[in-house]
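Engineer: First the structure, then my questions, so here it is.
The values are calculated or read from the model by the stated rules, or taken from the named source; none is laboratory data. Given the structure is predicted, the values throughout are model-derived calculations rather than measurements. Glycine gets a Cβ as well: all are built from the backbone with ideal geometry, and neighbour counts include every protein chain shown.
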Protein chains: 2
Amino acid sequence: MKRVDRGIAAVEGIKSAVAKTGIKKNGRLDLAVLFSDYPCLWCATFTKNKVKADPVLYDIELLSKNKPLRAIVVNSGNANACTKEGKEAVTEIVKEAGEILNIKKDNIAACSTGIIGERLPYEKIISSLKNMDFSEENCHLAAEAILTTDTKTKEVAYEFEIDGEDAYIGGMAKGAGMISPCMATMLSFIVTDVNIERDLLCKALKEAVDFSFNRISVDGDTSTNDSCFLLSTCEGENSKIEEENEAYDIFLDVLKKLCMELALKIVEDGEGATKLVKIIVDKAKNKEEAERCARAIADSLLVKTALFGKKAGWGRIAACVGYSGVTFSKQGFSISIGDKAVFDRGKENKIDLSSYMKNKNIDIVVSLYSGNASYMMWSTDLSYDYVKINSI
Amino acid sequence: MKRVDRGIAAVEGIKSAVAKTGIKKNGRLDLAVLFSDYPCLWCATFTKNKVKADPVLYDIELLSKNKPLRAIVVNSGNANACTKEGKEAVTEIVKEAGEILNIKKDNIAACSTGIIGERLPYEKIISSLKNMDFSEENCHLAAEAILTTDTKTKEVAYEFEIDGEDAYIGGMAKGAGMISPCMATMLSFIVTDVNIERDLLCKALKEAVDFSFNRISVDGDTSTNDSCFLLSTCEGENSKIEEENEAYDIFLDVLKKLCMELALKIVEDGEGATKLVKIIVDKAKNKEEAERCARAIADSLLVKTALFGKKAGWGRIAACVGYSGVTFSKQGFSISIGDKAVFDRGKENKIDLSSYMKNKNIDIVVSLYSGNASYMMWSTDLSYDYVKINSI
């Protein structure tokens, strides 16, 4: 398994085109079209928010039609959510893209990310679609065009082996704000050439997303637009994966690794984030309680601001454990920060963490002593810049 | 009913003493002792956080003994929570206070507020207790001594009539951070002279707290120390209230009004707050859903930062409604800001709110069209100062 620097173009036949449509007021790239020379099997997971943007509603319906995918039209700067003309906008964009790319509209998905509640000026997208230049090299520009308040592009790609044959997988993502599990506020597009049955492709995606994107939190807000796509050209030389065999396990492992790397890139580049915080809750009564406790800590403003101030603030973590309502032993629970047990079964230990708290990566472990379940997730601190980015 | 400017000393026989024990590093007042010349019927509500500070555990047990209260010892600057010697500290403080005040220890409650997880230097409190000067006039200083990051004292008192007889009620509170419903991070002490049975006193307190303190949120974090005390000297001239009669209703109304005023003072003085935000969710399927939706809006970092930036940000409110998971009509829900319907059953209205958003008081109404239940609560924005206060 080898990292390659080609983003989604790691997979043969995947091309991109980008444009500046003028939707983003700063004049940056705001349109990316992904195109596959081959019809792709595909699958996707979407936001659990009951308020879904129009492209999400469109894609959910498209997925149910079980037709191959050839292209995805993605705009940034406007979420196309909660507006009168949202549905019309998606329909027009996909129709126009189909004509220009000479493919059927049922082979095209659409995604949007950006401000909610403002009309998407889709005329600008349609006008730009007419002059697009597709190439493999454009993949990095596509990774740039899907960004909103992100400061960096997020791309990961691997070359690996299945059945002794070369296989490829590449992905890109955007995140930054409105990041909370149940699909972070993010878009992610992953492409592979692994030859696999559709049901198994979907199963692998679900497991990988649950393991990665659903375990990150920047601000606890779940967006209306979160979408994660997985496409396969199925052009790889491996024998078609039709059951959960060794080849499936290899594919799943690579997919999980890739998703986790993209997810961590999202957290690291969270709006205003100066810390990458790993939270583990273990010895919990059950997984649900472990997760609830971890999320309470991940989303606590008081914990987040303490971390920004390079303070351990474990008393605030203890308060989170308490108000999350989870079960802990009568002797109390424990909190370790950077391997140091600052709070041990209800009693404090005087430990100077001032040096450790200067690190960018902070590890928090809470042990509840009420069972054997555990949950791990990633979060950020809360800085002046988060307030700035979201209030200006 | 007439407002009086005497805080808890509005009630005859209630005195206070204060001291600077040195627990607060800035040398401010950090100890208040409330003393009643009369044995008081009393009741209290406490934090629902499963991690409770030692004084809270002590007071819960004390309340169950059903004995009259004569004094409350309150320190600020240290929460006396999550430490080895916490229980010992409360026991020693109460024992010492009993000897000095010449009352039984079972007639004394204790409260703490401040940092969690640091040993309470109770020797400092005991040493200060020996030189305390009680007076009615000290009530305002007592309201100051219980503060932490609050910028203002919070006192409300009323003179009113029951059975044609004069009655009095006075209260004080502290809040500022770790403010979330299920009892905000707050301490509140309310005293009256209304002659009433204990069960009815408790019932009235529960209803008033549910109506007021449990409906405010600054940061969504529920503290380990929240406590709200209601004491009655029962020295008023009214015939003893033994049932939910007209006199009870009058008392309950006054108590609710006083609690609501104290609660709003807490929100207004929330850490870094520049806005007082009233959130109403109506036409909900049931009260639980109305409350869940209101809390999602109240606690959303994206809504809070938009408000700080004087932006309506109603798209972010729409996202909260969605991820709160509540039921709304198929035709969609509506959002009004300052009486203007910016989002009406799923369709946006172009309304310029830039002038309204400069107001200190912001009203948000969300209508779900799925039933007849409603819920109202109060929240704040999220400013640079919140981050500053909690990270330094």
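Engineer: Across the stretch A:261-298, what is the number of residues that are buried (at least 22 other Cβ atoms within 10 Å of the Cβ) and free of Cβ contacts under 8 Å to residues at least 60 places away in the same chain?
Structural biologist: Of the residues in the stretch A:261-298, 1 are buried (at least 22 other Cβ atoms within 10 Å of the Cβ) and free of Cβ contacts under 8 Å to residues at least 60 places away in the same chain.
Engineer: OK, next. Can you tell me which residue within the stretch B:81-103, out of those that are within 11 Å of chain A (Cβ to nearest Cβ) and surrounded by 24 or more Cβ atoms within 10 Å (Cβ to Cβ), is nearest to the chain's Cα centre (by Cα)?
Structural biologist: Per the criteria, the residue is B:ALA81.
Engineer: OK, next. For A:ALA294, which of the numbered conditions (1) out of contact with any Phe, Trp or Tyr (no Cβ under 9 Å at 6 or more places or on another chain); (2) more than 14 Å from every other protein chain (Cβ to nearest Cβ); (3) under 27 Å from B:GLY270 (Cα atoms) fails to hold?
Structural biologist: With (1) out of contact with any Phe, Trp or Tyr (no Cβ under 9 Å at 6 or more places or on another chain); (2) more than 14 Å from every other protein chain (Cβ to nearest Cβ); (3) under 27 Å from B:GLY270 (Cα atoms) applied to A:ALA294, the lone miss is (1).
Engineer: Just a yes or no: is a residue in the stretch A:128-135 aromatic (Phe, Trp, Tyr), within 24 Å of the chain's Cα centre (by Cα) and modelled with pLDDT of 95 or more?
Structural biologist: Looking through the stretch A:128-135, none of the residues is aromatic (Phe, Trp, Tyr), within 24 Å of the chain's Cα centre (by Cα) and modelled with pLDDT of 95 or more.
Engineer: Could you identify the single residue in A:GLU12, A:GLU61 that is in the same structural domain as A:ASN195 (by TED's automatic domain parsing), over 21 Å from A:VAL156 (Cα atoms) and at pLDDT 95 or above?
Structural biologist: Working: A:GLU12 fails: over 21 Å from A:VAL156 (Cα atoms).
Checking each option against the conditions leaves just A:GLU61.
Engineer: Restricting to the stretch A:299-350, give me the number of residues that are among the small types (Gly, Ala, Ser), in a helix (DSSP H, G or I) and under 19 Å from A:TRP378 (Cβ atoms). Full working, then the answer.
Structural biologist: Here is the first cut: in the stretch A:299-350, the residues among the small types (Gly, Ala, Ser) are A:300, A:306, A:309, A:312-313, A:315, A:318-319, A:322, A:324-325, A:329, A:332, A:334, A:336, A:338, A:341, A:346.
Checking the rest, the ones that are also in a helix (DSSP H, G or I) come to A:306, A:315, A:318-319, A:322.
Those left that are additionally under 19 Å from A:TRP378 (Cβ atoms): A:306.
Number of matching residues: 1.
Engineer: Can you name every residue in the stretch B:65-80 that is within 30 Å of B:ASP199 (Cα to Cα), in contact (Cβ under 8 Å) with a residue 40 or more places away in the chain and in a strand (DSSP E or B)?
Structural biologist: Of everything in the stretch B:65-80, those that are within 30 Å of B:ASP199 (Cα to Cα), in contact (Cβ under 8 Å) with a residue 40 or more places away in the chain and in a strand (DSSP E or B) turn out to be B:LEU69, B:ILE72, B:VAL73, B:VAL74, B:ASN75.
Engineer: Sticking with this structure for a sec: Among the residues of the stretch A:126-136, are any assigned by TED's automatic domain parsing to the domain that holds A:ASP54 and closer than 26 Å to A:MET260 by Cβ?
Structural biologist: Initially, the stretch A:126-136 is screened for residues assigned by TED's automatic domain parsing to the domain that holds A:ASP54, giving A:126-136.
Filter again for closer than 26 Å to A:MET260 by Cβ, leaving A:136.
The answer is yes, given that some residue of the stretch A:126-136 is assigned by TED's automatic domain parsing to the domain that holds A:ASP54 and closer than 26 Å to A:MET260 by Cβ.
Engineer: Any residue at all in the stretch B:242-249 that is touching a residue at least 12 places away in the same chain (Cβ under 8 Å), in a helix (DSSP H, G or I) and away from chain A (no Cβ under 14 Å)?
Structural biologist: Yes.
Engineer: Further question: Does the stretch A:55-67 hold any residues that are in contact with a Ser or Thr (Cβ under 9 Å, 6 or more places away or on another chain) and not acidic (Asp, Glu), and which are they?
Structural biologist: Within the stretch A:55-67, A:PRO55, A:VAL56, A:TYR58 meet the criteria.
Engineer: What number of residues within the stretch A:351-375 are free of Cβ contacts under 8 Å to residues at least 12 places away in the same chain and not in a loop (DSSP other than H, G, I, E, B)?
Structural biologist: 0
Engineer: Going through A:ALA284, A:ALA290 one at a time, which residue ends up being under 25 Å from A:MET357 (Cβ atoms), modelled with pLDDT of 95 or more, in the same structural domain as A:SER334 (by TED's automatic domain parsing) and touching a Leu at 6+ places or on another chain (Cβ under 8 Å)?
Structural biologist: Numbers: A:ALA284 fails: under 25 Å from A:MET357 (Cβ atoms).
Answer to the selection: A:ALA290.
Engineer: Checking the conditions here, which among B:ALA247, B:ALA294, B:ALA263, B:ALA273 is in contact with a strand residue (DSSP E or B) (Cβ under 7 Å, 6 or more places away or on another chain) and over 21 Å from B:ALA157 (Cα atoms)?
Structural biologist: On the way: B:ALA247 fails: over 21 Å from B:ALA157 (Cα atoms); B:ALA263 fails: over 21 Å from B:ALA157 (Cα atoms); B:ALA273 fails: in contact with a strand residue (DSSP E or B) (Cβ under 7 Å, 6 or more places away or on another chain).
Criteria check complete, one pass: B:ALA294.
Engineer: Another question, then. State whether one or more residues within the stretch A:33-41 are under 20 Å from the mean Cα position of the chain (by Cα), in the same structural domain as A:ILE103 (by TED's automatic domain parsing) and modelled with pLDDT of 95 or more. Let's see the steps before the verdict.
Structural biologist: Within the stretch A:33-41, the first condition is being under 20 Å from the mean Cα position of the chain (by Cα), and the residues that meet it are A:33-34.
With the extra rule that they be in the same structural domain as A:ILE103 (by TED's automatic domain parsing), the set shrinks to A:33-34.
Checking which are modelled with pLDDT of 95 or more leaves us with A:33-34.
Yes, because at least one residue in the stretch A:33-41 is under 20 Å from the mean Cα position of the chain (by Cα), in the same structural domain as A:ILE103 (by TED's automatic domain parsing) and modelled with pLDDT of 95 or more.
Engineer: So which residues in the stretch B:123-175 are outside any strand (DSSP E or B), crowded, with 24+ Cβ neighbours inside 10 Å and of a type in the set (Gly, Ala, Ser)?
Structural biologist: B:ALA142, B:ALA143, B:ALA145, B:GLY175
Engineer: In addition: Would you check if A:LYS48 is away from chain B (no Cβ under 14 Å) and among the basic types (Lys, Arg)? Spell out the reasoning first.
Structural biologist: On the way: away from chain B (no Cβ under 14 Å): no; among the basic types (Lys, Arg): yes.
Judged against the criteria, A:LYS48 is not a match.
Engineer: Among the residues of the stretch B:368-382, is there at least one that is closer than 30 Å to A:LYS310 by Cα and among the polar types (S, T, N, Q)? Spell out the reasoning first.
Structural biologist: Here is the first cut: in the stretch B:368-382, the residues closer than 30 Å to A:LYS310 by Cα are B:379-382.
Now narrow it down to the ones that are among the polar types (S, T, N, Q): B:379-380.
Yes, because at least one residue in the stretch B:368-382 is closer than 30 Å to A:LYS310 by Cα and among the polar types (S, T, N, Q).
Engineer: Right, next: For B:GLU61, are the conditions met, namely being closer than 28 Å to A:SER324 by Cβ, over 20 Å from the mean Cα position of the chain (by Cα) and not aliphatic (A, V, I, L, M)? Break it down into steps so the answer makes sense when it comes.
Structural biologist: Working: closer than 28 Å to A:SER324 by Cβ: yes; over 20 Å from the mean Cα position of the chain (by Cα): yes; not aliphatic (A, V, I, L, M): yes.
It is true that B:GLU61 is closer than 28 Å to A:SER324 by Cβ, over 20 Å from the mean Cα position of the chain (by Cα) and not aliphatic (A, V, I, L, M).
Engineer: Regarding the stretch A:379-386, can at least one residue be identified that is more than 7 Å from every other protein chain (Cβ to nearest Cβ), part of a loop (DSSP other than H, G, I, E, B) and over 27 Å from A:SER212 (Cβ atoms)?
Structural biologist: no
Engineer: Related question: Listed residues B:GLY346, B:GLY322, B:GLY309, B:GLY315; which is outside the structural domain of B:MET260 (by TED's automatic domain parsing) and at positive phi? Reasoning before the result, please.
Structural biologist: Numbers: B:GLY322 fails: at positive phi; B:GLY309 fails: at positive phi; B:GLY315 fails: at positive phi.
None of the other options fit; the residue is B:GLY346.
Engineer: Among the numbered criteria (1) touching a residue at least 60 places away in the same chain (Cβ under 8 Å); (2) of a type in the set (Val, Ile, Thr); (3) touching a Leu at 6+ places or on another chain (Cβ under 8 Å), which single criterion is violated by B:THR83?
Structural biologist: Against the list (1) touching a residue at least 60 places away in the same chain (Cβ under 8 Å); (2) of a type in the set (Val, Ile, Thr); (3) touching a Leu at 6+ places or on another chain (Cβ under 8 Å), B:THR83 comes up short only on (1).
Engineer: What are the residues in the stretch A:107-116 that are surrounded by fewer than 24 Cβ atoms within 10 Å (Cβ to Cβ) and over 26 Å from A:VAL11 (Cα atoms), if any?
Structural biologist: Matches in the stretch A:107-116: A:GLY114, A:ILE115.
Engineer: Another question, if that's okay. Among the residues of the stretch B:104-125, write down those that are without any contact (Cβ under 8 Å) to a residue 60 or more places away in the chain, within 13 Å of another protein chain (Cβ to nearest Cβ) and at negative phi. Full working, then the answer.
Structural biologist: Step one: filter the stretch B:104-125 for residues without any contact (Cβ under 8 Å) to a residue 60 or more places away in the chain, giving B:104-106, B:108, B:110, B:115, B:117-119, B:122-123.
Filter again for within 13 Å of another protein chain (Cβ to nearest Cβ), leaving B:115, B:117-119.
B:ILE115, B:GLU118, B:ARG119, listed by residue number.
Engineer: Suppose we filter the stretch B:309-335 for residues that are within 8 Å of chain A (Cβ to nearest Cβ) and closer than 16 Å to B:LYS347 by Cα; how many remain?
Structural biologist: Residues that pass the stated criteria total 8.
Engineer: Kindly indicate whether any position in the stretch B:88-99 is farther than 30 Å from A:ALA341 by Cα and in contact with a Ser or Thr (Cβ under 9 Å, 6 or more places away or on another chain). Walk me through it before giving the result.
Structural biologist: So the first thing to find is which residues in the stretch B:88-99 are farther than 30 Å from A:ALA341 by Cα, and the list is B:94-99.
Now restrict to residues that are in contact with a Ser or Thr (Cβ under 9 Å, 6 or more places away or on another chain): none.
Among the residues of the stretch B:88-99, not one is farther than 30 Å from A:ALA341 by Cα and in contact with a Ser or Thr (Cβ under 9 Å, 6 or more places away or on another chain), which makes the answer no.
Engineer: For the stretch B:208-234: of the residues being at pLDDT 95 or above and either farther than 30 Å from B:ARG292 by Cα or surrounded by fewer than 23 Cβ atoms within 10 Å (Cβ to Cβ) (or both), which is farthest from the chain's Cα centre (by Cα)?
Structural biologist: That would be B:CYS234.
Engineer: Out of A:GLY346, A:GLY338, report the one residue that is within 12 Å of chain B (Cβ to nearest Cβ), crowded, with 17+ Cβ neighbours inside 10 Å and of a type outside the set (A, V, I, L, M, F, W, C). Give the derivation first.
Structural biologist: On the way: A:GLY338 fails: within 12 Å of chain B (Cβ to nearest Cβ).
It is A:GLY346.
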